[in-house]
Amino acid sequence: MPLDVIVGAQWGDEGKGRITDLLAADSEIVARFSGGDNAGHTVSVGDQIFKLHIIPSGIIHPHTTCVLGSGMVLNPAKLISELDQLSAVGIGVGPERIKISGAAHIISPAHIALDGAEEKLRGEAKLGTTKRGIGPAYADKSARRGIRAAAMLDPDQLGQFIMDQVERLGNVLIKLYNIEPPDPKAARDAYVQYAERLLPYISNTGALIAEALEKDVVVLAEGAQGTLLDLDHGTYPFVTSSHPIAPGALLGLGVGATHLRRVIGVAKAFQTRVGEGPFPTELHDEIGDYLRGTGKNPWDEYGTTTGRPRRCGWLDGVLLRYAARVNGLTEITITKLDILSGLNQIYFANSYMRDGMEFENLPEEPVQLGSFTPGYEGLSGWENDLSEIRAWDQLPQEAQHYIERIQEFTKIKVKVISVGAERSQVIRR
Ligand code: GDP
Ligand code: IMO
Ligand code: MG
């Protein structure tokens with residue numbers, strides 16, 4: 001019966017991977033449903049750090065089956081290198097554990113070249129994409145000329161499809177962007193090899209999940225990106241090209257809506273964004289730098305996928321309410337509460353202002369987010385290091401008050417709080 005979905009409640013990098021790892025302990029199937037290797041999910045177990053881009057973070061628990069759903073776009077070269085990296089540290093990554101939906105789409109070298117070319121042409125108006133070919137791959141999917149993962153079942157035919165596509169997009173790259181295109185024949189040869197390696201993984205994942213749900217097995221959907229990066233409901237055009245919100249899990253796995261049980265929104269205790277686009281609570285001062293960290297700690301705010309410094313700011317309650325609405329959140333998980341230790345005052349955006357009007361809820365789609373000024377309330381901070389705390393009543397009162405304020409404002413219960421990157425550094429309520 002139950003499908004539980006983990007979604008990013010902000011602009012991505014909320015800690016979805018580590019929360020997926022936590023909940024995967026009680027799930028049999030863990031599935032990614034959108035995006036591709038634009039995602040970077042870090043999971044710390046003991047002194048091992050796993051950086052996953054395509055394979056669900058549930059893979060670290062040996063009992064799970066991991067699904068790459070139909071809503072994803074896959075770079076086969078990256079997928080193979082991720083399989084090899086996991087295998088090298090003793091994680092089982094055979095086709096009995098990993099199932100790729102035949103309806104997922106394939107990213108080609110031409111998509112990657114186009115992503116870069118389009119960003120270059122946008123100049124100052126660039127989106128700040130990860131340049132992984134995500135947008136162009138979804139564009140081909142929507143235009144009904146994409147290449148599905150099922151094509152890998154016949155490697156020679158896949159090679160032909162790739163060659164044709166690279167030739168077609170090569171013309172665009174030369175004529176429109178004046179860029180040297182990838183070599184179609186080299187792409188074909190490489191993709192024939194990728195297909196030979198990956199074809200045992202292609203599976204009817206929709207049926208697999210349906211069967212599991214019928215048997216009352218818990219299926220956990222691991223979101224990538226975040227609510228405000230959703231193609232329809234995010235800060236368009238500064239969004240990704242898929243649907244990271246909870247309904248995207250139904251679409252991207254082929255599950256009926258009645259199966260949805262928990263919708264877990266993961267939010268950081270502050271706000272971050274990587275790439276361009278509006279960010280009302282962004283801080284350009286030393287507090288922003290404090291939240292970001294220097295880059296010395298593995299959890300400091302530098303992108304897992306691209307290494308870019310993330311923009312940082314105060315937690316935006318108005319956007320968290322919006323995330324609760326568009327996802328239908330049943331609970332919230334707050335990560336990185338430990339990072340706020342040492343601040344005298346913490347600010348929480350509880351309203352937006354524009355043209356003399358004040359709003360507690362976003363009055364429109366978040367496209368024009370840049371036109372609002374956030375209204376803040378100040379809360380007392382705390383000095384204590386939180387990293388060893390495992391129980392709610394051991395948290396400093398100020399930290400408890402902050403969490404309770406988030407809960408009161410969003411009207412959604414905060415059930416899990418994380419106070420460090422390592423698997424065990426969580427407080428459950
Ligand atoms: P995701 O994309 O949502 O999975 O998040 P990322 O993995 O890109 O970014 C979250 C970063 O914060 C990772 O480096 C995590 O290891 C780290 N992290 C997660 N939760 C906590 C926490 O509670 N405290 C600290 N200090 N780091 C955390
Ligand atoms: P995880 O799953 C943060 C952002 C990019 C850019 C925009 C479009 O780790 O949270 P794209 O390459 O998707 O066309 O880029 O979306 N973006 C992310 N930001 N975390 C992510 O994934 C992201 N995936 C895409 O920075 O602003
Ligand atoms: Mg990430």
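Throughout, read-outs are computed from the coordinates displayed, never taken from laboratory work. What you are looking at is a predicted structure, and each value in this text was computed from that prediction instead of being measured. Cβ atoms come from the backbone with ideal geometry, glycine included; neighbour counts cover every protein chain shown.
Descriptive notes on the structure:
- Stretching the chain fully between GLU360 and TYR236 yields a gain of 42.5 nm (0.36 nm per residue, less the alpha carbon separation).
- Rel. contact order, % - alpha carbon contacts under 8 angstrom, at least six apart, the chain: 20
- Rounded to the nearest 10 degrees, the angle from helix 155-177 to the longest Cα principal axis of the chain is 70 degrees.
- Reduced Cα scattering model of the chain, Debye log10 I(q)/I(0), q = 0.07 Å⁻¹: -0.33
- ASP393-SER424 FRET efficiency (beta carbon distance; Förster radius 22 Å; 0.05 resolution): 0.75
- Label separation (ASP84 vs LYS175): 3.7 nm, computed from points 7 Å beyond Cα along the C-beta direction.
- Förster-model FRET efficiency, 35 Å R0, ASN344 and ILE49, C-beta, rounded to 0.05: 0.65
- Multiplying the residue separation of ASN384 and ARG325 by 0.36 nm and removing their Cα-Cα distance gives an extension gain of 17.9 nm.
- The chain: angle of helix 205-214 to the longest principal axis, Cα-based, in degrees nearest 10: 50
- Sum of -39500 (n - 2.57) over DSSP H runs of 4+, divided by residues of the chain (222 nm, nearest 500): -9500 deg cm²/dmol
- Note on the range 227-266: Cα convex hull, mean projected area over all directions, 3.0 nm².
- In the range 88-159, the ratio of gyration radius to Kirkwood radius, Rg to Rh, stands at 1.10 when only Cα atoms are counted.
- For the cross-link pairs LYS78/LYS415; LYS141/LYS415; LYS126/LYS415; LYS215/LYS413, the ones whose C-alpha atoms lie over 32 Å apart are LYS78/LYS415; LYS141/LYS415; LYS126/LYS415.
- Measuring nothing but alpha carbons in the range 1-129 and taking Rh as the Kirkwood radius, the Rg to Rh ratio lands at 0.99.
- Gained length - ARG122 relative to GLU96, 0.36 nm times residue gap less alpha-carbon distance: 5.0 nm
- Highest mean packing comes first when the peptides 339-351, 265-277 are listed by Cβ atoms within 10 Å, giving 265-277, 339-351.
- Long-range amide H partners of ILE179 with built H, under 5 Å: ILE174
- Shape of the range 300-349, Cα gyration tensor, a/c cut at 1.5: oblate
- Computed over the range 158-209, the percent of Cα pairs more than 12 Å apart is 67.
- Rough spin-label spacing in nm, given labels placed 7 Å along Cα→Cβ, for ALA139 and ASP183: 2.6
- If you wrap the Cα atoms of the range 124-233 in a convex hull and average its projected area over all directions, you get 9.9 nm².
- Taking packing as the residue-averaged number of other Cβ atoms within 10 angstrom, the listed peptides 34-44, 355-365, 416-426 run from highest to lowest as 34-44, 416-426, 355-365.
- The listed peptides 76-83, 98-105, ordered by packing as a protection proxy, come out as 98-105, 76-83 (highest mean of other Cβ atoms within 10 Å first).
- GLU167 paired with THR294, simple spin-label distance in nm, labels 7 Å along Cα-to-beta-carbon: 5.6
- Between 0 and 90 degrees, the angle of helix 397-410 with respect to the longest Cα principal axis of the chain falls at about 60 degrees.
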